Structures are given as C-alpha cells and as structure tokens.
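Here's the structure, in structure tokens; my notes come after.
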Amino acid sequence: MKTQNTPSENSLGLTRTIPSTFLEEHREIKVYTPDSYSESDKKYPVLFILDGQRLFPYGVSLLKSFTQFKQTPEFIVVGITNTYPHRFGHFSDSEKKFSSFIKEEVLPFIDTNYRTSSERLLFGWEYGGSFVIQTLLDTPELFNGYMAASPFPIAQKIDAVATFLQKHPTIDRSLYFSVSPHEGSVNMGTEKLDSLLQVKAPKSMHWTYKKLADAEHRSTPYMTLYKGITQFYHYYPELQFNTLEEYTKAGGLEYVYDYYKQRSEQFGFQNEVSEWTKFTLIRSGIREENYTQFDYFMTTFSSSSFIENLRGSRPYEITDFYIKHSKYAEALDIYKILLHKRSDSQELHKKIGDTYTALDMKKEAAAYYKKAQELSEN
C-alpha cells in the first residue's frame with residue numbers, strides 16, 4: 001500500500017508590506033505572534049530584530065523556548081528585513097532615514113495592527129548593532145531595551161555617548177552589548193564604550209558588556225540575542241540554585257527576597273518565594289550533605305502546603321535526609337502531611353512503617369505495614 005507524501009507550505013508567521021515614504025519603496029517586515037495571541041485579549045511586548053531576513057527565525061525559536069520554560073513573558077517578534085549591500089548604507093550614511101522609517105512607519109504599523117504593550121526591545125548585529133546604539137542616543141524613549149552584537153563602528157560615537165549620559169542623568173533604559181574577543185577594531189570600540197559606561201553610566205541605567213569567549217563574528221548575534229533578552233527579563237523566571245555556593249555568592253536570603261520583590265513589581269507575580277526556589281535551596285543542602293543549612297531552609301520555608309505540592313519523589317528526598325540524620329520525628333511529620341494526597345500509596349505506608357520500626361514502635365509499624373500489604377494486594 002502506497003503512502004501519500006504531499007508537501008505542504010512551511011511558513012513562520014506573516015510577511016507584511018509597508019509603503020515607506022522615507023525609504024521611497026515598499027519594505028517587507030516579518031511578524032510572529034505568540035501561541036496565546038489568538039485566544040486572549042491582552043497586550044504583548046514586541047521584539048524588533050534588524051536584518052530580519054536572517055535573524056527573524058532565530059527570534060521566533062527563542063520566543064518558543066523562553067515561554068515553554070517560563071524564562072520570559074510572551075512577546076511579538078518583528079523582523080525588519082534588509083538586503084545586501086544596501087543594509088550598510090541604511091545603518092550608516094542613511095541611518096536618519098532608516099531611523100525615521102522605524103519610528104514613523106514600522107512602529108505605528110505594528111501598534112495599529114497588533115495588540116502591543118508599551119514595552120519594546122531592539123536588536124541589531126554589526127552595523128545594525130551600531131545603529132541600535134545610535135537609536136538609544138537619538139530616541140531613547142522608543143525602546144526599553146537595546147541589544148547590540150559586535151556593534152561597529154562605535155569608537156567615533158564615544159563622545160556622543162558621553163554627552164548623552166551627561167544630559168540624561170536618570171536614564172532608565174537597558175543596554176546589552178557583546179563581542180567576540182577576536183574582532184579587531186570592533187573590540188576597540190566596545191572596550192572604549194565599556195570604559196566610559198563604567199565611569200559615567202548612572203545607577204538607573206541597566207547595562208551589560210559581555211565578551212563571548214567561544215564566539216566569532218558571525219555567531220555573536222545568536223548568543224547576544226539570547227543573553228540580551230534573558231538579561232532584560234532578569235527578574236521574570238523563578239530562581240533556581242544548584243549549589244550552596246551559588247546561593248551565598250548571590251547574597252543569601254536577602255537577595256532571594258529582593259528578587260521576588262522586584263519580580264512582583266515588574267511582572268505582577270505574588271511577592272513570595274516560589275516553591276521551586278525553596279526546593280532547590282533545600283535540595284542543595286541535601287546534595288552537599290550540609291544538614292545545618294538544610295535544616296535552616298526547612299525551618300524557614302517548610303509548611304503543609306509546601307510539602308503537599310512537592311511532586312514525585314521530591315518529598316522523599318527530604319524525608320530520606322532526615323532519616324539519614326536520625327531525625328525520625330521530622331520525617332514522620334512530612335509523611336503524615338503526604339497521606340492527605342497519597343493515602344493509596346503503598347510506598348508511603350511502607351516508609352512510615354520503616355520509620356516507626358527505627359523508633360522501635362512495633363505496634364504502629366505493624367499497622368502501616370498491614371495497610372501497605374492491603375494496597376499491594378488491591
């Protein structure tokens with residue numbers, strides 16, 4: 001029997017055409033809306049990507065990955081396409097025209113045709129990266145976050161940046177720029193910009209300069225866009241700690257509480273430490289055999305609801321550690337909380353029986369072993 005293999009169209013978002021007065025031509029942009037867009041009435045942030053003809057699909061891929069793992073809110077992706085060699089002129093000699101095209105034609109088009117919030121990000125690479133920084137200097141109000149990969153040329157803009165910082169002592173925009181260590185004159189410009197920002201940037205400005213050790217010129221846009229978006233949405237994901245050293249270096253509980261305060265203020269989450277963060281801290285104490293730190297986290301965070309909401313074998317990681325340190329009463333307290341949701345668990349009844357056996361409470365142990373047996377037979 002033959003199977004049909006009929007090809008179908010493989011598309012990514014929509015291609016829209018804008019008649020541009022400033023560029024004196026019709027220009028294409030690519031637009032992708034997140035999965036929830038058609039089923040909601042909420043407004044979304046927008047990520048604008050220069051050189052969309054090449055980098056737009058990567059922006060969409062990042063959106064899908066970020067939202068699946070709850071690293072960022074959902075956002076609309078807009079790719080502003082360009083062609084070679086015209087892009088070099090658009091980002092240098094004709095940058096005023098191209099800037100007007102974005103400000104007066106692209107942004108109004110997107111805001112009119114899509115449900116957008118007031119939050120916008122702009123990303124560019126190479127000459128496009130230099131254009132991003134120039135946009136920050138000329139119209140800082142247009143975007144909330146500016147991301148530039150291997151921005152060039154930058155060295156001749158340093159005086160303009162210094163003047164800009166002097167005129168905007170409370171600027172609250174975000175800037176993320178990065179470079180490969182092997183980009184010659186590109187490095188010279190970014191190093192000068194970094195040095196200036198270290199001295200002149202106000203505390204209200206959120207900026208990061210990253211040297212991408214394993215990158216080269218053609219790969220910096222991918223690493224920069226990933227890092228730049230996660231840096232902008234720094235307070236969005238739940239905190240996760242893999243080691244106690246990470247926790248200590250971050251600033252301990254003071255940092256944890258401040259993080260969730262910032263998260264609440266920026267994104268509307270409840271101002272409380274998430275259960276996942278609590279568990280990763282407790283788990284770090286277990287993995288590093290640090291009972292003192294483990295007990296501190298349990299005393300600080302543990303509650304009936306916290307225990308009940310732990311999934312899979314996670315609560316048993318905690319009880320096993322208690323038992324390992326002969327803290328049988330503490331383990332029993334957790335087991336009895338778990339019984340509310342796992343009353344039909346043979347494993348749980350057996351564990352309780354084992355704990356009573358360790359306490360030499362044979363009658364109580366026998367009752368739970370009997371129940372475990374009944375559950376097994378059923």
TODO: Quickly estimate the mean residue ellipticity at 222 nm for the chain, helices only: each DSSP H run with n ≥ 4 gives -39500 (n - 2.57), and the total goes over all residues, rounded to 500.
DONE: -15500 deg cm²/dmol
TODO: In whole angstrom, note down how far apart the Cα centers of the range 65-111 and the range 306-378 are.
DONE: 57 Å
Open item on the list: If you take every residue apart from D214 with its C-beta less than 15 Å away from the C-beta of D214, what net charge results, scoring Lys and Arg +1 and Asp and Glu -1?
Closed with: +2
Open item on the list: Rg and Dmax in Å for the chain, alpha carbons only: what are they?
Closed with: 27.4, 89
Task: Extension reserve of the K363-T300 stretch, reckoned as 0.36 nm per residue once the Cα distance is removed - done: 19.3 nm
Task: Charge tally in the Cβ shell below 13 Å around F294, where Lys, Arg are +1 and Asp, Glu are -1, F294 excluded - done: -1
Task: Dipole in debye (nearest 20) - the chain, about Cα centre, beta carbon charges: Lys, Arg +1; Asp, Glu -1 - done: 220 debye
Task: Accessible-area composition of the chain, carbon plus sulfur, in percent [1.4 Å probe] - done: 48 percent
Task: Distance between modelled label sites at K200 and F69, nm, 7 Å Cα→Cβ extension - done: 3.7 nm
- [ ] Enumerate the amide H contacts of Y44 below 5 Å, restricted to partners 5 or more residues apart or on another chain; note that Pro and chain-start residues carry no placed amide H.
- [x] T116, S117
- [ ] With all distinct Cα pairs included, what does the Kirkwood hydrodynamic radius of the range 167-220 come out to in Å, to one decimal, could you say?
- [x] 12.0 Å
Task: Rounded to 5, the percent of DSSP beta bridges in the chain classed as antiparallel - done: 30 percent
TODO: With a bin width of 10 angstrom, please list the P(r) values of the range 243-365 as percents of all Cα-Cα pairs, from the 0 bin to the one holding the largest distance.
DONE: 12, 40, 31, 13, 4, 0
Open item on the list: Per residue of the range 346-357, what does 6.51 cos²θ - 1.76 cosθ + 1.60 with θ = phi - 60° give for ³J(HN,Hα)? Whole Hz please, x for Gly and Pro, Karplus curve as stated.
Closed with: 4, 4, 5, 5, 5, 4, 5, x, 4, 5, 5, 4
Task: Residue-normalised accessible area of the range 272-311, given per residue in Å² at a 1.4 Å probe - done: 46 Å²
- [ ] Apply the Karplus parameterisation 6.51 cos²θ - 1.76 cosθ + 1.60, with θ equal to phi minus 60°, to every residue of the range 19-27 and state each ³J(HN,Hα) to the nearest whole Hz, in sequence, with x for glycine and proline.
- [x] x, 9, 6, 6, 9, 6, 6, 8, 10
Task: Heavy atoms of H340: accessible area, 1.4 Å probe, square angstrom to 10 - done: 140 Å²
TODO: Note the angle between two axes, namely the Cα long axis of helix 127-138 and the longest principal axis of the Cα atoms of the chain, as a number of degrees from 0 to 90, rounded to the nearest 10.
DONE: 90 degrees
TODO: Scan around L212 for amide H atoms under 5 Å from its own, H built in the peptide plane at 1.01 Å from N, and keep only partners 5 or more places away or cross-chain.
DONE: V179, S180
- [ ] Could you list the residues of the range 23-60 with an amide nitrogen less than 20 Å from a label point located 7 Å from the Cα of H86 in the Cα-to-C-beta direction?
- [x] 23-31, 49-57
TODO: Mind checking the per residue accessible area of the range 133-250 for me, 1.4 Å probe, whole number of Å²?
DONE: 48 Å²
Task: Alpha carbon convex hull of the range 53-180, volume per residue in cubic angstrom - done: 130 Å³
Task: Net charge of neighbours whose Cβ lies under 9 Å from the Cβ of P19, counting Lys and Arg as +1 and Asp and Glu as -1 - done: -1
Task: Built amide H within the under 5 Å cut-off of A201, gap 5+ - done: none
TODO: Please determine, in degrees from 0 to 90 and to the nearest 10, the orientation of helix 275-287 with respect to the longest principal axis defined by the Cα atoms of the chain, where the helix direction is its Cα long axis.
DONE: 60 degrees
- [ ] Determine the alpha carbon to alpha carbon distance for each of K341/K371; K42/K70; K96/K227; K96/K203 and list only those over 22 Å.
- [x] K96/K227; K96/K203
TODO: Kindly express, to the nearest 10 degrees and within the range 0 to 90, the angle between helix 362-377's C-alpha long axis and the longest C-alpha principal axis of the chain.
DONE: 60 degrees
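The values are calculated or read from the model by the stated rules, or taken from the named source; none is laboratory data. Remember, it's a predicted structure, so these values are computed and weren't measured experimentally. Counting neighbours? That spans all protein chains shown, and the Cβs are built from the backbone with ideal geometry, glycine included. For accessibility, only protein heavy atoms count, side chains too; no ligands or nucleic acids. Shrake-Rupley method; radii C 1.70, N 1.55, O 1.52, S 1.80 Å.
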